[in-house]
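Since the structure comes first, as structure tokens, the remarks are kept for the end.
None of the figures in this text is laboratory data; all of them are computed from the coordinates on show. Predicted, not measured: the structure shown is a model, and the values here were computed from it. Reconstructed Cβ throughout: ideal geometry from the backbone, glycine too, with neighbour counts over all protein chains shown.
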Amino acid sequence: MGIISQSALRLCIAFFVVIASVSHADELPHPKGQVVLTITGKILNSNSEEGVVRLDMAMLESLPAFTFQTVTPWTEGLHTYKGVLLNELLAWVDAEGDQLKVTALNDYSTLVEVSRIKPYPIILAYKSDGDYMKVRNKGPLWLLYPLSDYPELDTEGDYSSMVWQVKALVVQ
Amino acid sequence: MFLSLIVAVFVVSAYVTFMKHSETLRLVTASSKTTTWAASELESDMLKFLYTFELYETGNRTHDEVLLRYELLWGRVNMLKTGDETQRFRLIKDAETLLTRLLTTLNRNEQMVLDFPSLNATLAKKIHQEFASLLPSVRQANIDSFLGPQRLDDLLKVHKLQKEFGFFLIGLLLSGLAFIAIILIESTRHKMQSLHDSLTGLPNRKYFNDRLSLVEINSIKKRQKFSIHIIDLNGFKSINDTYGHAAGDQLLKEVAIRLQYCISADDMVARLGGDEFGIIQEGINDSSRAALLGDRVCKALSIPFCFNDINIYPRASIGISLYPDDANSAIDTMGNADMAMYRAKSSNYFGYNFFDSVMYEDALRLKILGNALPHAIIRNELTLYYQSIVDIQTGIITGVEALIRWEHSRYGFIAAREIISVAEQIGQTTHFNEWVLKTACTQNKQWQDEGLPFVYMSVNVSQVMFIQDDLIASVQHALAVTGLAAKYLTIEITEDSIMVEIDRAIDILGNLKRLGVSLALGDFGTGYSSLSHMKELPVQRLKINHSFVQDLNEDPKDTRFITTILQLAQSLDLNVVAEGVETEQNRLDLLELGCHFGQGYLFAIPMPALHMTALLLKQKDGMA
């Protein structure tokens, strides 16, 4: 009786562990086109066995988007930017961390406090004035703050967080 | 002017300091960080591209990786060409040219890099060489961004700005200090102003009172005395009215100066208000030094003041009181000095007057009686006594004079003259007068109703009541209320009250006569009646002052005045009543001289209504 019940229990535990891990991994849609962004770290949802989220442009565009106009220290004049809301993206992958490590194509990276960006409609912009952005024009993705709408974000500290040519996010 | 200069320095310094500081910050942060960073990133992107390119040729990198490096280099160039942040990089010598050349090169070779896998080796080498040839310029820009003239210039600017910053900071500090100084000076001045009189520059009443409290404490500690002198100019209002307010102000200033010369260093003189000055004389042992000061003040003020060739002779009344001789507190001492001053003023003599306890008693008595009189009227505590006026020959009572009596609980019997004076001081004359008139009329009407002999009731009216109050209305009211016929009422006024305002007096008397009331002129012969006015006065009776009747008691008899008055009365067709008839001899003499009526102790003393009733009853019975 003891042996049977023990092995049954083990089986049960094993089953639940599998269920638990499966329930969070690889349930998001899979990219069909070229991957433009990977998200790793403390996230509960992913679209791969190793718990990484890979997104192509179509997937990014299917997520809740936001458009705003702003000036930046790196551009001339006012431009309209459209992109996925970072808060929505993080919710989509069920991110649980306090910090976000943002890495660019040239491997420049910076740490952004989630608490700092949470109250604002900050986007990973993929369109500038209606056009997709090439790498030479800070594309394909640019972490953009609505500086013109929220002057309190217009600081040196926030400038360094506005990474262009973004390729990866790590939730820490 | 000075203040606006300080404000200007402050504002400019604050503004410039802020601007210099911002500029310094901008130069220190923006130039060093972004420019150097951007320049080195450009070199790095350039090298990475060339490196990837080379590795690709040996098959160690993919075409996509070359394209990415190409794009990244392009992105760097674009970033350096636009935006505020990299503006300072573009200021580096030849930087603009370099960026343009890079952009041209990137544009020209874009298609070929895209077509890379199908390119021949020579063309690939040419592309590599073209980018590699730009490398030294990129390197130089990188060095210049760190150490170049632009950078050095910035550092020099920062240094210079710091100097200026310090300079303006000193301006800020100095103007700040000046502000503090101004505030301190202003507050001192304000304090000074609040304690001094602006016209004379003397301490004001507040300062005087403050000092008085200190002096009081000091004198208790040192067991010394101090004196307070109150100096009030006489007739200052008329000086103002006659010579103008400018002269009045000049006079006050001059008085202030003279008073300051009179006092010694420890004393204080203040302007207490209007034309009143006060002196506190400290550290004295008895009244002699106070008297000396009083003398000095009198002398100083007795010298005429000369304004615009006009000599003004000021007169002042000075009251002096000593602490603790005259009072237990400084405030009471001040009140005493005030009282002494008023006493000096009323005695109408130019000099100082020491307080004495009689003054205090007088003032206290006035205060107590003044408080009591209105109640006494309401509660009928005042009574009228009556003295008969008789026909000298027959002894028949023809009239009765009403005399006021007040038995006060503390002071006992109060004389008529004092009651009237109290009533005048507390402004109760109308009320008082109406009470007397009504009571007297009521009494006479009652005698008439009781069938007693008809007599006239003589009621005295004081000067104030006669001139200021509406006597006509009061008389009319009294007659209406009591129902007494007007002819049985006589209003008795003194010669003096009439002469104050003779025209008005004639008016009022005329109106009274029209009411049917008879009029008597009292105290005749003691005042200054003008004979020409006598005939205009509508009076029916003269009352000879008792002092003239006294002349009859002299040895030898002096009948000159009485004879003259009687002759005058006869020629004006007036009745004459002699007051103060005390002896039978007086009566016989008066009879002989032709005086028909008399009043005095020989006939009857003033008595209560009840006794007078009995007297009248006796007369009635006698007649019957």
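Within the same chain, lysines fewer than 8 places from A:K134 are excluded, and of the rest, those with a Cα less than 18 Å from its Cα are A:K82, A:K167, B:K81.
You can think of it this way: the chain between B:Q446 and B:S347 has 31.1 nm of extra reach, that is 0.36 nm per residue less the Cα-Cα gap.
The B:I217 and B:Q425 beta-carbon pair, evaluated with R₀ = 35 Å, returns a calculated FRET efficiency of approximately 0.45. Rounded to the nearest whole Hz, the Karplus-based 3J(HN,Hα) values (6.51 cos²θ - 1.76 cosθ + 1.60, θ = phi - 60°) of the stretch B:567-573 follow the sequence 5, 4, 4, 4, 5, 9, 6, with x at glycine and proline.
Taken one residue at a time, the phi angles of the stretch B:579-595 give Karplus couplings (6.51, -1.76, 1.60, θ = phi - 60°) of 8, x, 7, 10, 10, 4, 5, 4, 4, 5, 4, 4, 4, 5, 6, x, 8 Hz. Gly and Pro are set to x. Which shape class applies to the stretch B:268-313: rounded if a/c is under 1.5, otherwise prolate when a/b exceeds b/c and oblate if not, where a ≥ b ≥ c are the square roots of the Cα gyration tensor eigenvalues? Oblate shape, in that a/c is at least 1.5 and b/c is the bigger or equal ratio. Mean sequence separation of contacting Cα pairs (under 8 Å, at least six apart), scaled by the length of chain B, corresponds to a relative contact order of 8 percent. The charge dipole of the stretch A:45-162, taken about the Cα centre with unit charges on the Cβ atoms of Lys, Arg (+1) and Asp, Glu (-1), comes to about 320 debye, rounded to the nearest 20. For B:F307, the amide hydrogen comes within under 5 Å of the amide hydrogens of B:I312, counting only partners 5 or more places away or on other chains and with H modelled in the peptide plane.
Mean separation of Cα pairs under 8 Å and 6 or more residues apart, divided by the residue count, gives the stretch B:206-298 a relative contact order of 39 percent. Once the dipole of the protein assembly as shown is set up with Lys and Arg at +1 and Asp and Glu at -1 on Cβ about the Cα centre, which of A:G157, B:N545, B:Q443 lies farthest towards its positive end? Positive-end residue among those listed: A:G157. The length gained by stretching the chain between B:R189 and B:A291 to full extension, at 0.36 nm per residue less their Cα-Cα distance, is 33.1 nm. Using θ = phi - 60° in the Karplus curve 6.51 cos²θ - 1.76 cosθ + 1.60, the 3J(HN,Hα) couplings for the stretch B:173-187 round to 5, 4, 5, x, 4, 4, 4, 4, 4, 4, 4, 5, 4, 4, 5 Hz; x is entered for Gly and Pro. Exposure proxy shown here: for B:S118, A:S46, B:S388, B:S302, the number of other Cβ atoms within 10 Å sets the order, fewest to most, as B:S118, B:S302, A:S46, B:S388. Applying a threshold of 23 Å to the alpha-carbon distances of B:K222/B:K367; B:K438/B:K513; B:K206/B:K367; B:K222/B:K299; A:K32/A:K127; B:K367/B:K543 flags B:K222/B:K367; B:K206/B:K367; B:K222/B:K299; B:K367/B:K543 as lying beyond it. From the largest down, the stretch B:453-580 spans 51, 37, 25 angstrom on the principal axes of its Cα atoms. Given a Förster distance of 35 angstrom, what is the FRET efficiency for B:D94 paired with A:D129, based on the Cβ-Cβ distance and rounded to 0.05? In this case the efficiency is close to 0.65. Residues whose amide H comes within less than 5 Å of that of B:V576, counting only those at least five positions distant or on another chain, are B:L542, B:H596, B:F597 (H built at 1.01 Å from N in the peptide plane).
Between B:G75, B:V358, B:A247, the Cα set farthest toward the positive side of the dipole of the protein assembly as shown (charges on each charged residue's Cβ, about the Cα centre) is that of B:G75.
Among the residues of A:70-76, the average count of other protein chain beta-carbon atoms within 10 Å of the residue beta-carbon is 5. Cβ-to-Cβ counts within 10 Å put B:V400, A:V35 in ascending order as A:V35, B:V400, the fewest first.
Remark on A:T70: its backbone amide H falls under 5 Å from those of A:H79, A:Y81, a criterion applied only to residues 5 or more positions apart or on other chains, H modelled at 1.01 Å from N.
Can you tell me the FRET efficiency between B:Q550 and B:A486 if r is taken as the Cβ-Cβ distance and R0 is 60 Å, rounded to the nearest 0.05?
Approximately 0.95, to the nearest 0.05.
Would you mind giving the mean number of other chain beta-carbons within 10 Å of the Cβ of each residue in B:70-80, as a whole number? Don't jump to the answer; show the numbers that get you there.
Working: counts 2, 8, 6, 3, 4, 12, 3, 1, 7, 6, 1.
Mean partner shielding for this stretch: 5.
In debye to the nearest 20, how big a dipole does the protein assembly as shown give about its Cα centre with +1 on each Lys and Arg Cβ and -1 on each Asp and Glu Cβ? It comes to approximately 2220 debye. Our estimate of slack between B:S357 and B:E164, defined as 0.36 nm per intervening residue step minus the Cα-Cα distance, is 61.6 nm.
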